[in-house]
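Student: The structure under discussion is supplied below as structure tokens; questions concerning it will follow.
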Amino acid sequence: MRSQRPFLIEALTAIGLIAAPFVLPYLAFTPTTMSRIVVWGLFGIGFDILFGFTGLLSFGQSAFYGTGGMVAAYLLIRMGFPSVVLAVIIGMIVAAVVGYLIGLIALRRTGIYFAMITVAIAEVFYFVEFNPLAEYTGGENGLPGVPTPKLPLGFTTIHFDTDWKLYAFFGFWYFIGIVIALRIVRSPVGVIFSAIRDNPLRAAAVGHNVHGYKLTAFVIAAAYAGFAGGLLGVLQGFMPPEAFTFDTSGQLVIQTAIGGAGTLFGPLLGATVWLYLSDFFQNTLHLGATWKLVLGVVFVLLVCFLRRGLIGGIKDLYELVVRPAPKDAAAAASPGAAGASGKTSGEIRVAAPTPRRPRAADTISGPILEAIDLTKRYDGLIANSDINFSVRSGEVRGIIGPNGAGKTTFFRMLTCEVPPTSGKITFEGHDITGKSVTDVCQLGLTKSYQVNQLFTRLTVRQNLTISALAERRGKFRLDLFKHIRKIRGLTEQVEHTLDLVNLTGRADVPVSALAYGEKRRLEIGLALASSPSLLLLDEPLAGMSPSERAETVKLLKSIAHGRTMVVIDHDMDSLFEVVERITVLQEGRVLVEGTPEEIKSNTAVQEAYLGGVVAA
Ligand code: ATP
């Protein structure tokens with residue numbers, strides 16, 4: 001997210017594309033092979049945004065590659081379209097529209113089911129190209145006669161009619177494709193893509209429209225595929241029907257895996273290795289049909305030994321040799337270590353609430369949250385039964401109850417993660433029953449989880465940024481070309497939350513390197529960064545050592561100032577220090593409500609919940 005040299009990657013890409021014709025021919029690369037690599041690389045940029053950045057593995061990209069290519073070729077050959085570039089752009093737009101419609105269907109499912117739908121859709125497109133639409137697509141013959149591009153300059157016209165000129169043409173479009181992709185991945189949308197890849201449920205819970213962003217990634221990938229398909233026709237002089245085959249989609253996935261997913265350049269590098277080796281095995285070693293077997297073995301070895309692909313391997317080597325991990329990482333992980341802010345973990349101070357956009361809760365005087373006769377049944381089991389519960393603005397409430405009393409289920413209903421079987425929830429006077437968890441978070445009600453739900457491949461700062469973005473931008477916005485640093489107030493909000501949860505010194509550390517107590521604080525920070533009007537904390541002290549526990553209690557006391565909070569925990573001594581009132585749940589019902597003193601001395605609580613331990 002931070003870049004000291006903003007155009008370095010773009011400049012290196014341009015240099016690489018210009019230098020390639022002077023270097024690669026010495027390694028037996030022909031200009032046509034280089035053009036093919038560049039077209040595959042461009043095709044792969046979109047796929048990498050979809051798979052490497054958003055975590056959606058599609059085996060159906062051939063559908064959009066073929067569609068874009070066929071539309072462009074049809075316009076140029078059958079309709080006599082004068083401009084190759086315009087035809088390719090129209091092919092791209094058609095592929096993107098088709099991608100939107102397919103995405104609406106395919107993204108209804110996740111994981112393996114999503115992948116299976118994409119396979120099926122690609123097969124349907126292959127069939128349609130060969131049969132009902134054969135008159136337009138040429139069926140098994142494809143569409144021959146795609147012209148080479150021309151660039152009229154007024155005083156002269158450049159014809160891209162030689163192999164090297166065509167390479168220059170494709171190289172230019174690859175460069176444009178990379179520049180656009182870099183803008184996208186550096187935008188808020190790109191960061192949200194990574195959040196969805198890591199933890200789609202939490203991305204939705206912090207207030208992002210996950211379906212909308214997944215669809216965006218799908219359309220972007222379809223657009224890149226469509227554009228690359230158009231260039232394929234130009235490269236070969238005819239549009240081959242093979243563009244639609246499953247082999248095309250499979251080769252794209254393999255090349256991306258070899259080069260490294262989530263890098264944008266992985267598909268280009270993967271295509272270089274794949275096409276070079278296939279040429280080498282077939283034309284130099286004359287392996288005949290065996291070349292596919294050898295290539296398969298090479299692929300398995302590469303994926304086994306370089307799990308993050310060639311670029312991932314190069315990065316790991318660089319980290320190891322040139323930039324070893326900072327020694328303070330482990331030291332700072334231990335409780336009590338000083339952060340970059342100079343503040344030790346024991347010195348949590350009272351922090352002001354995060355500055356945020358005004359919400360209705362700021363002005364309401366009555367209860368901010370009310371649950372009326374809330375019931376949740378799981379088949380025969382009643383998890384919550386007729387719960388009536390209300391919280392005033394500014395109140396800090398605790399909820400206790402034995403294991404299985406229904407506390408987490410109650411929270412899940414309040415944040416609309418699960419719908420109640422019956423009953424009603426109002427927040428800030430509005431009925432929120434049946435709303436989505438995303439909408440409820442956008443209204444200002446969110447929670448931290450009993451089991452950490454973090455974005456594990458990202459840093460602490462990136463985690464908090466994802467949450468703060470939802471508050472700053474709303475649940476969906478297509479600011480694809482805006483740099484994330486240009487979002488007003490975002491940096492301040494993230495820095496403030498880092499300070500609040502005492503993780504300033506660990507801001508750029510990946511989540512995987514955090515100690516357990518730090519992860520718990522980040523879990524709370526994720527909820528805080530969206531600046532909720534009402535914050536629910538589900539067992540914030542769960543699984544902590546005594547020192548981490550003491551530190552987190554201080555943190556809870558600190559964030560309780562000026563906030564409305566409801567906290568579930570089993571550690572009653574700690575909880576009683578933080579909250580003003582307690583609600584006790586037992587067997588899914590409210591047993592009693594009162595101040596900590598009243599609860600401690602309540603005989604019903606002692607007998608039913610504490611088993612007389614407190615009385616003793
Ligand atoms: P703990 O303190 O152990 O976290 P809890 O008070 O939070 O417990 P819940 O997790 O809300 O209790 O569970 C209440 C009851 O509902 C339990 O009997 C649990 O097994 C059941 N339950 C919770 N979620 C589901 C589900 N998705 N399907 C079926 N039963 C469920």
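Student: Can you tell me which residue in the range 378-389 is surrounded by the fewest Cβ atoms within 10 Å (Cβ to Cβ), limited to those that are among the aliphatic types (A, V, I, L, M) and within 11 Å of the ligand (Cβ to nearest atom)?
Tutor: Filtering first and then ranking leaves Leu381.
Student: May I ask you to list the residues in the range 260-274 that are touching a Phe, Trp or Tyr at 6+ places or on another chain (Cβ under 7 Å) and under 20 Å from Leu24 (Cβ atoms)?
Tutor: Across the range 260-274, the qualifying residues are Pro267, Ala271.
Student: Would you kindly identify the helices (runs of 4 or more DSSP H) lying entirely within the range 232-316 that contain at least 1 residues that are open to solvent by less than 30 Å² (accessible area, probe 1.4 Å) and touching a Lys or Arg at 6+ places or on another chain (Cβ under 8 Å)?
Tutor: Filter on the range 232-316 gives 266-279.
Student: In this structure, is Ile9 open to solvent by 40 Å² or more (accessible area, probe 1.4 Å), in contact with a helix residue (DSSP H, G or I) (Cβ under 9 Å, 6 or more places away or on another chain) and closer than 14 Å to Phe265 by Cα? Give the derivation first.
Tutor: Details: open to solvent by 40 Å² or more (accessible area, probe 1.4 Å): yes; in contact with a helix residue (DSSP H, G or I) (Cβ under 9 Å, 6 or more places away or on another chain): yes; closer than 14 Å to Phe265 by Cα: yes.
The answer is yes for Ile9.
This table checks each residue for (1) within 12 Å of the ligand (Cβ to nearest atom); (2) open to solvent by 10 Å² or more (accessible area, probe 1.4 Å); (3) more than 20 Å from Glu593 (Cβ to Cβ).
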| position | (1), (2), (3) |
| --- | --- |
| Val391 | no, no, no |
| Asn403 | yes, yes, yes |
| Thr408 | yes, yes, no |
| Arg412 | yes, yes, yes |
| Thr426 | no, yes, no |
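Student: Residues of the range 551-566 being modelled with pLDDT of 90 or more and open to solvent by 20 Å² or more (accessible area, probe 1.4 Å), which ones?
Tutor: Lys554, Lys557
Student: Another question about this same structure. All but one of (1) of a type in the set (A, V, I, L, M, F, W, C); (2) over 24 Å from the mean Cα position of the chain (by Cα); (3) over 15 Å from Pro149 (Cα atoms) hold for Leu42; which doesn't?
Tutor: It fails just one condition, (2).
Student: If you don't mind, there's one more thing I want to ask. Go through (1) open to solvent by less than 10 Å² (accessible area, probe 1.4 Å); (2) farther than 30 Å from Ser436 by Cβ and name the single condition Ile196 misses.
Tutor: Against the list (1) open to solvent by less than 10 Å² (accessible area, probe 1.4 Å); (2) farther than 30 Å from Ser436 by Cβ, Ile196 comes up short only on (2).
Student: Let me ask you something else. Just the residues that are in contact (Cβ under 8 Å) with a residue 40 or more places away in the chain and farther than 25 Å from Leu514 by Cα, please, taken from the range 486-497.
Tutor: Of everything in the range 486-497, those that are in contact (Cβ under 8 Å) with a residue 40 or more places away in the chain and farther than 25 Å from Leu514 by Cα turn out to be Ile487, Gly489.
Student: Could you tell me which numbered condition Gly394 fails, if it satisfies all but one of (1) modelled with pLDDT under 95; (2) on the phi < 0 side of the Ramachandran plot?
Tutor: Evaluating Gly394 over (1) modelled with pLDDT under 95; (2) on the phi < 0 side of the Ramachandran plot leaves (2) as the failure.
Student: Still on this structure, please answer the following. Is it fair to say Gly229 is assigned to a loop (DSSP other than H, G, I, E, B) and either open to solvent by less than 20 Å² (accessible area, probe 1.4 Å) or touching a Phe, Trp or Tyr at 6+ places or on another chain (Cβ under 8 Å) (or both)?
Tutor: Working: assigned to a loop (DSSP other than H, G, I, E, B): no; either open to solvent by less than 20 Å² (accessible area, probe 1.4 Å) or touching a Phe, Trp or Tyr at 6+ places or on another chain (Cβ under 8 Å) (or both): yes.
Judged against the criteria, Gly229 is not a match.
The values are calculated or read from the model by the stated rules, or taken from the named source; none is laboratory data. Bear in mind the structure is a predicted one, so any value in this text is a computation, not a measurement. Positions of Cβ are backbone-derived with ideal geometry, glycine not excepted, and every protein chain shown enters the neighbour counts. Remember, those area values only see protein heavy atoms, side chains included, never the ligands or the DNA or RNA. Shrake-Rupley method; radii C 1.70, N 1.55, O 1.52, S 1.80 Å.
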